[in-house]
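Take a look at the structure below.
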Amino acid sequence: MKSFLNQLRLVPHCPIVAVMVACGVIFLIQDIFNLRLSSGFGAVPLEFRNGLASFSTNGLTAELLSAMARLFTPIFLHGGPGHIVGNMVFLWAFGSLVSRLLGNWWALALCLLCGAAGNLTQIYMDPSSTIPIIGASGSVAGLEGVYFGLALRWTLPWPDVFPLAHPIPPGQLVLFALIGIGFDIYSVATETAAGVAYGAHIGGFASGLLFALLLTSVYGSAESWNRKW
């Protein structure tokens, strides 16, 4: 067992890879056995609101705990091949970058917390919806926000991200993140967001950016952060 764990530690960015593997395995199980996991594990805004309402009268209930858990479980669910492939490509790209800058476990924590923050934002924007929110898009946007915030305050090295053949300037990645979040905001503002949880993207990005700005206000450079951790 120890040998296996030691081998796992050698996997680059192991926690982010573990999230990707979990998403892939769950997607295959769902597809092979024709399961509709979104109804039981997706974040349904109306059910979340009902769970919160029950807290004022019944305290901490199973319904409330389920609602809270379902801020996180949608990260691992996807609706189709295009959905999961697109999310996994960018989860790897920005997850590995954040992992290199902040560390494996910080990247994992931010992946989960930004995903939950994104789902909560989507719930706030459409609280009466009965459509389950699924996907790792909020997590991806959150990691993009983290990288964007770090790039604003820190001098970052040119990252070498597989499968790109050579390192690229951080500014190109920042520009890509800005274009993505700009499209999400435009879609919400023009009410063309039907069927896509753009609120989750915006909430994820904003939470990741906020974390990065708070972090860089305490640690003025990547070197000072690395000396601490």
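The values are calculated or read from the model by the stated rules, or taken from the named source; none is laboratory data. This is a predicted model, so every value here is computed, not measured. All Cβ positions, glycine included, derive from the backbone under ideal geometry; neighbour counts span all protein chains shown.
For segment 55-68, filtering for residues that are hydroxyl-bearing (Ser, Thr, Tyr), farther than 21 Å from Ile133 by Cα and part of a helix (DSSP H, G or I) leaves 2. Return yes or no: is Phe27 modelled with pLDDT under 95, among the aromatic types (Phe, Trp, Tyr) and in a helix (DSSP H, G or I)? Here the answer is no, as Phe27 does not meet what is asked. Among helices (runs of 4 or more DSSP H) entirely within segment 163-229, having at least 2 residues that are over 23 Å from Pro127 (Cα atoms) and modelled with pLDDT under 95 singles out 170-189, 222-228. Every listed requirement among (1) crowded, with 16+ Cβ neighbours inside 10 Å; (2) without any contact (Cβ under 8 Å) to a residue 24 or more places away in the chain is met by Phe90 save one, (2).
For Ser39, state whether it is in a helix (DSSP H, G or I) and loosely packed, with under 15 Cβ neighbours inside 10 Å.
yes
Taken over segment 113-147, residues that are within 18 Å of Asn87 (Cβ to Cβ), part of a helix (DSSP H, G or I), of a type in the set (A, V, I, L, M, F, W, C) and in contact (Cβ under 8 Å) with a residue 60 or more places away in the chain amount to 7.
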